[in-house]
Amino acid sequence: SVLTHLIGDHAVIPRDRGTLLRTSFRMAPSICSFISRTFYGGELHHAQECTNITLAEPPGLGTTWIAMSHSGRSDESIEEARKTQEIILDLLGREWTDRYGQIRSLGASSEDFLVVAPFNKQRELISKVLSEHPETAQFAGSVGTVNKFQGQQAAVVIFSVTSSSIEDAPRDLSFNLDRSRFNVAISRAKTHAYLLCTTEILTTRARSIEDMARISTLNSFAESAKSVAPVEM
């Protein structure tokens, strides 16, 4: 693309070639910090009013990696679909404060939860699981691929990697662990972002410099996030 050509090897577009919007008015400082250092060379900063954002403990503000335990999953994972429902049920009614200082409660709205999955089959499965419970049925429409949520935002974002390993995935690393898609998914969150994936995904063997960058991005998230031990579901 023209933008890729202009950026070249730089993390962000050089000042003599364009303008980077350097202030985020969406993310809590802890999420913005991860996005900034991972994707924007440390040049993205949160607006001052974003320091007003809060989320009741647990989990509080920030990011969480939940290490899933499953095998042989390709483009749909019932384990990650059920974990998604569990997270939403646990957070419903939890108080949070927006950047304007207004106290809210997490409820049945796409403004409160977005669930991102890389494959349509996983999107459909998560929607099905959510629709089977009266308290999460209204969230069935809040599940989609990254392309659906470009430009949108929510208090909490849940990203389901889905595949048990890259060998199980229907596509290669350039799709499953695409840095741009991951950036868009996580940066939709105002208060907290969850990553659901196996340790096998994080320990994938890189076969190129590009693959190394993709795997490193996911590991950076896991290392900086609150972590939850592998779960059998």
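The values are calculated or read from the model by the stated rules, or taken from the named source; none is laboratory data. Remember, it's a predicted structure, so these values are computed and weren't measured experimentally. Backbone-built Cβ (ideal geometry, glycine too); neighbour counts: all protein chains shown. Surface areas here come from the heavy atoms of the whole protein model, side chains and all, with no ligands, DNA or RNA. Shrake-Rupley method; radii C 1.70, N 1.55, O 1.52, S 1.80 Å.
Could you sort GLU79, GLU223 by accessible area so the largest value comes first, with the probe set to 1.4 Å? Please report the intermediate quantities before stating the final value.
Working: GLU79 15, GLU223 150 Å².
Ranked from most to least accessible, the order is GLU223, GLU79.
Percent of accessible area on the chain owned by carbon and sulfur, 1.4 Å probe?
Percent of accessible area from carbon and sulfur atoms in the chain: 48.
For the stretch 36-92, rounded, prolate or oblate, judged on the Cα gyration tensor with a ≥ b ≥ c (square roots of eigenvalues), a/c < 1.5 rounded, else prolate if a/b > b/c?
Oblate shape, in that a/c is at least 1.5 and b/c is the bigger or equal ratio.
Which of the listed residues, SER36, SER77, ASN52, is farthest toward the dipole's positive end in the stretch 32-93, when Lys, Arg count +1 and Asp, Glu count -1 at the beta-carbon?
Most positive-ward Cα: SER36.
Could you calculate the contour length gain from SER174 to GLU210, that is, 0.36 nm times the residue separation minus the distance between their Cα atoms, to one decimal place in nm?
So the chain would gain 12.1 nm between SER174 and GLU210.
Give the whole-number value, in cubic angstrom per residue, of the convex hull volume spanned by the C-alpha atoms of the chain.
Dividing the Cα hull volume of the chain by its residues yields 116 Å³.
If you plug each phi of the stretch 154-165 into the Karplus form 6.51 cos²θ - 1.76 cosθ + 1.60 with θ = phi - 60°, what whole-Hz ³J(HN,Hα) values come out, in order, with x for Gly and Pro?
Values per residue, Gly and Pro as x: 7, 4, 10, 10, 10, 10, 9, 5, 5, 5, 5, 7 Hz.
Could you sort the peptides 111-124, 83-96, 45-58 by per-residue average Cβ neighbour count (10 Å cutoff), highest mean leading?
111-124, 83-96, 45-58
Go ahead and estimate [θ] at 222 nm for the chain from helices alone: -39,500 (n - 2.57) per DSSP H run with n ≥ 4, summed, over the residue count, rounded to 500.
After summing the helix terms and dividing by the residues of the chain, the value is -9500 deg cm²/dmol.
So with the 1.4 Å probe, I'd like the accessible area per residue for the stretch 175-233, rounded to whole Å².
On a per-residue basis, the stretch 175-233 sits at 46 Å².
For the chain, give the share of DSSP beta bridges that are antiparallel, in percent and rounded to the nearest 5; count only bridges with both residues there.
Beta bridges within the chain, antiparallel portion: roughly 15 percent.
Rank by packing, highest mean first: peptides 128-136, 98-106, with packing defined as the count of other Cβ atoms within 10 Å averaged across residues.
Going by the mean number of other Cβ atoms within 10 Å, highest first, we get 128-136, 98-106.
When ligands, DNA and RNA are left out and all protein chains stay put, how many square angstrom of accessible area per residue does the stretch 79-152 have with a 1.4 Å probe?
So the stretch 79-152 comes to 47 Å² accessible per residue, rounded to a whole number.
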